[in-house]
Amino acid sequence: MDMIRLNLDETIYIKCKGGREIVGRLHAYDEHCNMVLSNAKETITTVVVNPDTKEEETKVTNRDSGTVFVRGDALILLSHAEAI
C-alpha cells in the first residue's frame with residue numbers, strides 16, 4: 001500500500017488481467033487496491049486465431065479513456081510511469 005500512497009497524484013502504469021495496460025494520474029485508492037485514474041490512456045492487447053490460416057494474430061487497441069475506475073482484483077502490476 002505504501003507504493004500506491006507514494007504515487008498519489010502521480011502518473012502511474014498499471015497492468016491488468018485480460019491484456020489491459022493503463023497509464024494515468026492516480027487520484028484515489030482504497031484498501032482493496034481499487035483506483036481512480038484521470039487522463040488515462042488504455043492499451044488492450046488481444047490474441048485472435050485467423051480461421052483461414054489457424055495462426056494467432058495479436059491485435060493492439062489504444063484509446064484515451066479519460067477518468068477510469070480500476071478494480072483491485074484486476075491488478076497485476078503497478079509502477080511509476082517513468083519506470084517503464
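Return the total of residues in segment 39-60 being acidic (Asp, Glu) and either touching a Ser or Thr at 6+ places or on another chain (Cβ under 6 Å) or assigned to a strand (DSSP E or B) (or both).
3
Taking segment 24-38 only, how many residues are more than 12 Å from the chain's Cα centre (by Cα), closer than 12 Å to Met1 by Cβ and either among the hydrophobic types (A, V, I, L, M, F, W, C) or part of a strand (DSSP E or B) (or both)?
Residues in segment 24-38 being more than 12 Å from the chain's Cα centre (by Cα), closer than 12 Å to Met1 by Cβ and either among the hydrophobic types (A, V, I, L, M, F, W, C) or part of a strand (DSSP E or B) (or both): 2 in total.
Could you list, in sequence order, the residues of segment 4-57 that are closer than 16 Å to Ile76 by Cβ and surrounded by fewer than 11 Cβ atoms within 10 Å (Cβ to Cβ)?
Lys17, Gly18, His32
Take the conditions in a strand (DSSP E or B), closer than 15 Å to Thr11 by Cβ and not hydrophobic (A, V, I, L, M, F, W, C) and apply them to Arg63. Does it pass?
Here the answer is no, as Arg63 does not meet what is asked.
Between residues in segment 4-19 that are at pLDDT 95 or above and residues that are surrounded by fewer than 11 Cβ atoms within 10 Å (Cβ to Cβ) and outside any loop (DSSP other than H, G, I, E, B), which pairs lie under 6 Å by C-beta distance while being six or more apart or on different chains?
Lys15/Leu77
The values are calculated or read from the model by the stated rules, or taken from the named source; none is laboratory data. Computed from a predicted model, the values in this text were never measured in an experiment. When we count neighbours, we look across all protein chains shown, and the Cβ atoms used for this are built from the backbone with ideal geometry, even at glycine.
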